[in-house]
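Q: Here it is, the structure, as structure tokens.
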Amino acid sequence: MDIRLGQKDLAFYGKNGIDRVRGLKIKGQDLSSLCEIERQKRPSKINRKDGNAAAFWTVEIETDKSDKAFKEAASALAGMTLPDGYFFDFQREYKNLNKDYAKIFALFCACVFAIYVFIGAQCERPLDALKALLLIPMSLFLPLGLRALFMQPLALGDAVGMVYVSGLCVNNAIFIMNEFNLKKRKDARAAAKALLKSMLSSSATTVAGAVPVMICGSASFASDLAFFTLFGTLGSLAASLFVFPFMLSEK
């Protein structure tokens with residue numbers, strides 16, 4: 001990545017200024033060991049933010065918590081002396097990121113509530129609707145557990161995948177409830193067994209479509225979405241076939 005740094009009154013001009021930039025430490029390593037730094041007469045492009053001249057760059061830090069990464073980067077940047085009128089806008093971007101995560105979580109909760117209202121209105125059994133709703137955390141347990149195991153933060157693609165899997169597992173629950181209540185099966189396990197072929201077929205096509213996208217996506221929105229779709233579908237299938245029928249049979 002080509003990063004250009006320009007300052008008023010040539011604050012970083014000269015050997016001492018360049019040395020200060022090269023000596024900036026990221027997780028104990030000098031910036032000069034991570035990239036090439038050279039001085040030029042003037043930048044060929046002026047980047048702007050909020051109407052003011054600005055410099056943009058990306059810092060990658062591997063850590064187990066985003067708060068810790070933020071503090072490390074902010075501490076490193078605090079060692080740089082800037083002229084009057086110049087400042088780092090890193091904190092605002094971090095707060096905006098936290099707000100985005102909060103919005104995603106709120107939207108997911110709203111989707112779950114809407115699903116409960118829909119199921120309750122269709123089956124007219126609030127308790128059965130609640131049992132169907134419990135399929136959502138069961139279905140998401142596997143992908144969320146894998147993310148936690150490898151200490152990977154949730155991204156936007158994961159959140160969209162959570163909503164998709166929620167609809168998938170609830171759809172399975174509705175089919176089983178209709179088969180159990182409307183066709184008068186002797187128990188919910190028999191209803192699930194009657195739907196086994198169709199549920200396996202739909203799950204297999206979903207998994208088959210998600211695998212190549214997850215492998216080839218390489219840490220992108222599509223890859224995250226495919227990851228949650230794949231493992232969420234497997235979790236949904238297991239919960240729908242082996243757990244939900246026992247819950248539905250309990251009166």
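The values are calculated or read from the model by the stated rules, or taken from the named source; none is laboratory data. These numbers come from a predicted model, not from an experiment. Cβ atoms come from the backbone with ideal geometry, glycine included; neighbour counts cover every protein chain shown. To get the accessible areas, we keep the full protein, side chains included, count just its heavy atoms, and leave off ligands, DNA and RNA. Shrake-Rupley method; radii C 1.70, N 1.55, O 1.52, S 1.80 Å.
Q: List the residue pairs whose Cβ atoms are under 8 Å apart, where the first residue sits in the range 58-79 and is free of Cβ contacts under 8 Å to residues at least 40 places away in the same chain, the second is among the polar types (S, T, N, Q) and assigned to a loop (DSSP other than H, G, I, E, B), and the two are 6 or more positions apart or on different chains.
A: If the second residue must be among the polar types (S, T, N, Q) and assigned to a loop (DSSP other than H, G, I, E, B), the pairs left are A69/T63.
Q: What number goes with the only condition from (1) over 13 Å from the mean Cα position of the chain (by Cα); (2) of a type in the set (G, A, S); (3) closer than 22 Å to A238 by Cα that A114 does not pass?
A: Exception for A114: condition (3).
Q: Restricting to the range 164-184, give me the number of residues that are open to solvent by 60 Å² or more (accessible area, probe 1.4 Å) and outside any loop (DSSP other than H, G, I, E, B). Don't jump to the end; show me each part of the working.
A: Filtering the range 164-184 down to residues open to solvent by 60 Å² or more (accessible area, probe 1.4 Å) leaves 164, 171, 175, 182-184.
Of the ones still in play, those that are also outside any loop (DSSP other than H, G, I, E, B) are 164, 171, 175.
Counting residues in the range 164-184 that are open to solvent by 60 Å² or more (accessible area, probe 1.4 Å) and outside any loop (DSSP other than H, G, I, E, B) gives 3.
Q: When you check S66 against the structure, is it open to solvent by less than 100 Å² (accessible area, probe 1.4 Å), modelled with pLDDT of 75 or more and of a type in the set (S, T, N, Q), yes or no? Before the answer, list the steps.
A: On the way: open to solvent by less than 100 Å² (accessible area, probe 1.4 Å): yes; modelled with pLDDT of 75 or more: no; of a type in the set (S, T, N, Q): yes.
Here the answer is no, as S66 does not meet what is asked.
Q: Write out, first by first residue and then by second, each pair whose Cβ atoms fall under 7 Å of each other, whose residues are 6+ apart or on separate chains, and whose first residue, in the range 102-122, is in contact (Cβ under 8 Å) with a residue 12 or more places away in the chain while the second is open to solvent by 70 Å² or more (accessible area, probe 1.4 Å).
A: I104/L156
Q: So, in the range 72-107, how many residues would count as being within 16 Å of the chain's Cα centre (by Cα) and of a type in the set (A, V, I, L, M)? Spell out the reasoning first.
A: Just the residues of the range 72-107 that are within 16 Å of the chain's Cα centre (by Cα), to begin with: 94, 96-107.
Retained after the next criterion (residues that are of a type in the set (A, V, I, L, M)): 97, 102, 104, 106-107.
Number satisfying all stated conditions: 5.
Q: Another question, then. Applying the selection to the range 21-50, what residues are farther than 20 Å from A74 by Cβ, of a type in the set (G, A, S) and modelled with pLDDT of 75 or more?
A: Scanning the range 21-50 gives S32, S33.
Q: How many of the residues making up the range 126-162 are surrounded by fewer than 17 Cβ atoms within 10 Å (Cβ to Cβ) and either without any contact (Cβ under 8 Å) to a residue 12 or more places away in the chain or not in a loop (DSSP other than H, G, I, E, B) (or both)? Show your work before the answer.
A: Of the range 126-162, the ones surrounded by fewer than 17 Cβ atoms within 10 Å (Cβ to Cβ) are 126-127, 130, 134, 137, 141, 145-146, 148-153, 156.
Those left that are additionally either without any contact (Cβ under 8 Å) to a residue 12 or more places away in the chain or not in a loop (DSSP other than H, G, I, E, B) (or both): 126-127, 130, 137, 141, 145-146, 148-150, 152, 156.
Within the range 126-162, residues that are surrounded by fewer than 17 Cβ atoms within 10 Å (Cβ to Cβ) and either without any contact (Cβ under 8 Å) to a residue 12 or more places away in the chain or not in a loop (DSSP other than H, G, I, E, B) (or both) number 12.
Q: How many of the residues in the range 79-99 are in a helix (DSSP H, G or I) and either surrounded by 14 or more Cβ atoms within 10 Å (Cβ to Cβ) or at pLDDT 80 or above (or both)?
A: As a first pass, look at the range 79-99 and keep what is in a helix (DSSP H, G or I): 90-99.
So of that shortlist, the ones also either surrounded by 14 or more Cβ atoms within 10 Å (Cβ to Cβ) or at pLDDT 80 or above (or both) come out as 94, 99.
So the count comes out to 2.
Q: Still on this structure, I have one more. Looking at S202, S220, which one is of a type in the set (S, T, Y), over 30 Å from A102 (Cα atoms) and open to solvent by 30 Å² or more (accessible area, probe 1.4 Å)?
A: On the way: S220 fails: over 30 Å from A102 (Cα atoms).
Answer to the check: S202.
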